[in-house]
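Encoded as structure tokens, the structure appears first; notes follow it.
Laboratory data are not the source of any read-out in this text; all were calculated from the coordinates shown. These figures come from a predicted structure and were not determined experimentally.
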């Protein structure tokens, strides 16, 4: 996926959450080390970055070309 194809980025704090997003059509673009808070406690570990693609534009319809 190219950067200009991305509509939305989202972080998932766990592999299970990332898997749910992937099943819903998101694309995993990175796994990075980071800090997050779980139940008020600071935790360190992988953060999954997912992207949702922008809708593809529809092809043009009813175009008439005339050569002069």
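Any chance you could run the full-extension gain for residue 15 through residue 37? It's 0.36 nm times the residue separation minus the Cα-Cα distance, nm to one decimal.
The residue 15-residue 37 span can extend by a further 6.4 nm.
Would you mind calculating the gained length between residue 23 and residue 54 on full extension (0.36 nm times residue separation, minus the Cα-Cα distance), in nm to one decimal?
9.5 nm
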